[in-house]
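The structure appears below as structure tokens.
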């Protein structure tokens, strides 16, 4: 009888504990799924390479989330559609330039992460053209080929130069930028250094290399400041987790390994 009474008392105590915990169980939200949806630009080698689900920016984001226990799925979208995807909740975060006003464009409260990496645009010319570019104004008398929408992204001084230079044009195909520079059909191209070197390496390994004179040396003129990148999140909590993961991969050496793998060029990050 004693054992029976003790068992009944234990069951009663357990029932009381469970009843006491019930309000807490009801208000605690379910655990978030471990897969995070991130919107990135459609394609921007070597930062975003859609065909292989890779690229420097993609890998940094993936490894940072991995460090805090999250998987990532990437949604590859034209840049103009990224804020819309964030606004509609189709992604948890989007990769963007720090200077880009995501909060205004997306019409949604957004939480910005720490800087993931920096793009860096240069004025690039063949060494034997003997051009000297110290400031943006030096481009106004040259045949300049910018990347698509460069005149919108590179500041008012650059926009003014583009508007008054009759020999200024823009192009979306940055591989073609490299071909036109080496074939001397333009004097200068405006491009991120890693992007330019990626496409130069690609062309060096192609049958066009000899005809284009890919052995020619180029000069990179640093007339533009670096362009930091980050993620803009719908959730402050997820932003905090990502920042923790980003710090972790910087500390454990993974970040440096990725920079080296996609390096092409030694710069500060």
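Using only Cα atoms and rounding to the nearest 10 degrees, what angle (0 to 90) does helix 236-252 make with the longest principal axis of the chain?
Orientation of helix 236-252: about 70 degrees from the principal axis.
Label-point separation (nm) for residue 205 and residue 50, each offset 7 Å from Cα along Cα-to-Cβ?
2.1
Relative contact order for the chain using alpha-carbon pairs under 8 Å, separation at least 6, rounded to a whole percent? Provide the component values of the computation, followed by the final result.
Details: 419 pairs, mean separation 72.1, N = 269.
Across the chain, relative contact order equals 27 percent.
Within the chain, what percent of beta bridges assigned by DSSP are antiparallel, to the nearest 5? Walk me through the intermediate numbers first.
Values: 20 of 35 bridges.
Among the beta bridges of the chain, antiparallel pairing accounts for roughly 55 percent.
Just check segment 74-114 against the gyration tensor rule for me: Cα atoms, a ≥ b ≥ c as the square roots of the eigenvalues, rounded for a/c under 1.5, and otherwise prolate or oblate depending on whether a/b exceeds b/c. Show your work: numbers first, answer last.
Details: a/c = 1.35, a/b = 1.21, b/c = 1.12.
The shape class here is rounded.
Among (i) 19.9; (ii) 13.9; (iii) 13.0, find the value of mean projected area of the Cα convex hull in nm² that was calculated from the structure presented, and write down its label.
Read-out from the structure maps to (i).
Arranged from highest to lowest average of other beta-carbon atoms within 10 Å per residue, in what order do the peptides 184-194, 62-72, 98-108 appear? It would help to have the intermediate numbers written out before the result.
Working: 184-194: 20.5, 62-72: 18.6, 98-108: 15.3.
Peptide ranking by packing, descending: 184-194, 62-72, 98-108.
Using the alpha-carbon centroid of each, what span in Å lies between segment 128-151 and segment 67-114?
32
How would you classify segment 121-221 from its alpha-carbon gyration tensor, with a ≥ b ≥ c the square roots of the eigenvalues: rounded for a/c under 1.5, else prolate if a/b is greater than b/c, otherwise oblate?
Values: a/c = 2.02, a/b = 1.62, b/c = 1.25.
The shape class here is prolate.
Which number comes out as Rg/Rh for segment 82-164 once both Rg and the Kirkwood Rh are worked out on C-alpha atoms? Walk me through the numbers on the way to the answer.
Details: Rg = 17.2 Å, Rh = 15.6 Å.
That ratio is 1.10, to two decimals.
How many nm is it between the label spots at residue 260 and residue 176, if each spot is 7 Å from the Cα in line with the beta carbon?
3.8
FYI, it's all coordinate maths here, none of it is from the lab. Keep in mind that this is a model prediction, so the values were computed, not measured. As a convention, Cβ positions derive from the backbone with ideal geometry for all residues, glycine included, and neighbour counts pool all protein chains shown.
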